[in-house]
1. Restricting the search to the stretch 35-49, which residues are of a type outside the set (G, A, S) and over 10 Å from the mean Cα position of the chain (by Cα)?
2. Can you name the residue in the stretch 33-44 that is among the aliphatic types (A, V, I, L, M) and crowded, with 17+ Cβ neighbours inside 10 Å and is also farthest from R10 (Cα to Cα) among such residues?
3. H64: free of Cβ contacts under 8 Å to residues at least 24 places away in the same chain, of a type outside the set (G, A, S) and out of contact with any helix residue (DSSP H, G or I) (no Cβ under 6 Å at 6 or more places or on another chain), yes or no?
4. Would you point out which residue out of T47, T7 is hydroxyl-bearing (S, T, Y), surrounded by 14 or more Cβ atoms within 10 Å (Cβ to Cβ) and either touching a Leu at 6+ places or on another chain (Cβ under 9 Å) or modelled with pLDDT of 95 or more (or both)?
Amino acid sequence: MATVHITGWRGGLKKVSHTQLLHEMAGLSLREAKDVTDAVLDGRAATVAVESKAVAEELVTKLHEIGADASIGE
């Protein structure tokens, strides 16, 4: 198990892609994924759990590509 911290976003964040990534890679329901996206857009940091460090690394990379600020948790 690993965690990903999403701490912010940059202009042009792809909100739908952000929600879809969280749904697909973190196993969140669409509602939960949208809630995380909304929290980040409101300036609140969010943490999501994923199955492995490899998945966390891939998720962080993809989140960066769509305009989110994210890192792997300790």
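The values are calculated or read from the model by the stated rules, or taken from the named source; none is laboratory data. If you're wondering where the values come from, they're calculated on a predicted model, not measured in any experiment. Cβ sites come from the backbone with ideal geometry, for glycine too, and all protein chains shown count toward neighbours.
1. D35, D38, L41, D42, R44
2. If we take residues in the stretch 33-44 being among the aliphatic types (A, V, I, L, M) and crowded, with 17+ Cβ neighbours inside 10 Å, then A33 is farthest from R10 (Cα to Cα).
3. Yes; evaluated as a whole, the condition is true for this residue.
4. Values: T47 fails: surrounded by 14 or more Cβ atoms within 10 Å (Cβ to Cβ).
Selected residue: T7, the only one of T47, T7 that is hydroxyl-bearing (S, T, Y), surrounded by 14 or more Cβ atoms within 10 Å (Cβ to Cβ) and either touching a Leu at 6+ places or on another chain (Cβ under 9 Å) or modelled with pLDDT of 95 or more (or both).
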